[in-house]
Amino acid sequence: MDEYVKLIYKEKTYEFPVIIGSEGEKAIDISQLLKETGLTTVDPGFANTSSCISAITYIDDEKGILRYRGIPIEQLAEQSSFVETAYLLINGKLPTQNELTSFSVMLNDQSLVHEDMQFFFQKFPRSSPPMGILSSMVTALRSFYPELQTIEEEINRTVTRLLSKVRTLAAMSYKFSRGHKVVYPRQDLSYCANFLNMMFHSPVRSYKIDEDIVKSLNAFWVLHADHEQNCSTSTVRMVGSGRANLYASISAGIAALWSPLHGGANQAVIEMLSGLREQGGKVSQLIERAKDKNDPFRLMGFGHRVYKTYDPRAKIMKKIGDQILKKLSATDPLLDLAVELETVALNDDYFIDHNLYPNFDFYSGIVLRAIGIPTNMFTVMFAIGRLPGWIAQWKEGFDNPKWKLSRPRQVYIGPSETRYIPIADR
Ligand code: CMC
């Protein structure tokens, strides 16, 4: 039976239909609210707003469930490759062997970037933040690869170009930051192995591909691949809704991700743990600071806008962190501190009452450190992982003939009409 919500306003009753998602989640369709009642809604941070109807990613915030196109994240992290997961997100189904092979060949064919792009890198100061460089470079890609004849060709080519070239650009930016020679992609290496080789191979020291490290990076990127309407994805959708090209939309998404509360949290966690260690590792002091309402400090890597339980990705990442450190016969004092911090926080009333659990970023930095990724590249690693999701979400909008231009309203609280006073009279 169809459900409706009644709104009584100025003694008149209005009915708004309830939309039911495939997992039973319900939302009030208020698309006719302004037209029928003259009212808008206020929802800071869009915490109560479904900005779109989507068939890509499902999250159950209470049970801690995350699925891409219906497939649980645990299965994908364990069994799928990042390239296959990207195909799944973008095309809506798992590829056949032939489809996966031709997708991989296209990614390989697109992995070089125009040689002239190296001039851009040379002119950035060495200390430039890598996310700023990446965002600029993705915008610049449009100039090097102008629009193709048909929409279908343009989208297919741009999708593989972005997935492949962003990875190359990220590794290039690292080499430039160190003043080292760029390493080109190799056609005999997988997506993840290729990236590691472009990052760490040098003319004086060959990089030895370690399959366990490749597997960890693969899982890290699979876990990052989509997370429905988060800040950067909503940005990609919003920019795309103006029918901006995919390069411009993704570049905007990268800029949105470059933020401490969103994509920068993995870096912030490592900085927080390093600072804690330098100051003698007093976990209880850090917890007290996080609880102090007069202190703007927050426990980085804790809390989530959506999950009100343990982030399912954090569990997998913690396990991978343990495995990779064991494999490398390494210890990371920051991991020990992280475990201690987690234990104290999870038993603290403030964190229990506020439903604050470790999120994905709490453990992902440990894995990236173990792989050898420098801390200032962490958010770039997140961006490479999130690309398939951004592309899939942009494409879902693009494929919808009713994709509306995003244009929220506001409630104005400024002065009412005020007379202009010429400067001499002020
Ligand atoms: N440490 C201490 N208190 C916190 C934290 C934290 N990490 N997160 C939330 N709170 C408190 C906050 O002070 C507030 O308390 P009160 O109601 O008593 O005033 C309450 O919890 C609700 O906070 P909020 O800011 O309204 O909640 P939100 O849903 O807007 O915040 C968040 C979500 C992720 C921005 C926030 O939890 C946070 O800042 N976490 C630290 C940064 C972080 O780890 N970010 C990565 C998020 S996961 C990656 C991603 O999806 O991008």
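So in the stretch 134-155, with the set limited to residues that are without any contact (Cβ under 8 Å) to a residue 40 or more places away in the chain and under 17 Å from W394 (Cα atoms), which one is surrounded by the most Cβ atoms within 10 Å (Cβ to Cβ)?
Among those that are without any contact (Cβ under 8 Å) to a residue 40 or more places away in the chain and under 17 Å from W394 (Cα atoms), it is E154.
Only one residue in N294, N347, N355 is over 27 Å from S50 (Cβ atoms), within 12 Å of the ligand (Cβ to nearest atom) and open to solvent by 20 Å² or more (accessible area, probe 1.4 Å), so which one is that?
Only one candidate qualifies: N294.
Do any helices (runs of 4 or more DSSP H) entirely within the stretch 1-91 hold 1 or more residues that are surrounded by fewer than 15 Cβ atoms within 10 Å (Cβ to Cβ), and if so, which?
33-37, 73-79
Can you pull out the residues in the stretch 321-334 that are closer than 24 Å to E74 by Cα and open to solvent by less than 20 Å² (accessible area, probe 1.4 Å)?
Of everything in the stretch 321-334, those that are closer than 24 Å to E74 by Cα and open to solvent by less than 20 Å² (accessible area, probe 1.4 Å) turn out to be G321, I324, L325.
So that you can scan it fast, the table gives a plain yes or no per residue for (1) in a loop (DSSP other than H, G, I, E, B); (2) on the phi < 0 side of the Ramachandran plot; (3) not assigned by TED's automatic domain parsing to the domain that holds G92; (4) not hydroxyl-bearing (S, T, Y):
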{"residue": "V306", "(1), (2), (3), (4)": "yes, yes, no, yes"}
{"residue": "R313", "(1), (2), (3), (4)": "no, yes, no, yes"}
{"residue": "K318", "(1), (2), (3), (4)": "no, yes, no, yes"}
{"residue": "G321", "(1), (2), (3), (4)": "no, yes, no, yes"}
{"residue": "N355", "(1), (2), (3), (4)": "yes, no, no, yes"}
{"residue": "F382", "(1), (2), (3), (4)": "no, yes, no, yes"}
{"residue": "A392", "(1), (2), (3), (4)": "no, yes, no, yes"}
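Every residue in the stretch 177-194 that is assigned to a loop (DSSP other than H, G, I, E, B), open to solvent by less than 80 Å² (accessible area, probe 1.4 Å) and either within 24 Å of L107 (Cβ to Cβ) or among the basic types (K, R) (or both), please.
Within the stretch 177-194, V182, V183, P185, L189, S190 meet the criteria.
What pairs come out if I take residues in the stretch 261-286 that are within 11 Å of the ligand (Cβ to nearest atom) and pair them with residues that are open to solvent by 100 Å² or more (accessible area, probe 1.4 Å) whose C-beta lies under 7 Å away, six or more apart or interchain?
From the stretch 261-286, the pairs are G264/W258.
Would you point out the residue of the stretch 305-321, among those that are β-branched (V, I, T) and closer than 27 Å to P44 by Cβ, that is farthest from the ligand (Cβ to nearest atom)?
Checked the stretch 305-321; the qualifying residue farthest from the ligand (Cβ to nearest atom) is T309.
The values are calculated or read from the model by the stated rules, or taken from the named source; none is laboratory data. Every value quoted in this text rests on a predicted model; they were computed, and no experiment measured them. Neighbour counts are summed over all protein chains in view; Cβ atoms, including those assigned to glycine, are modelled from backbone coordinates with ideal geometry. For the accessible areas, the whole protein counts, side chains as well, though only heavy atoms, and no ligand, DNA or RNA atoms are used. Shrake-Rupley method; radii C 1.70, N 1.55, O 1.52, S 1.80 Å.
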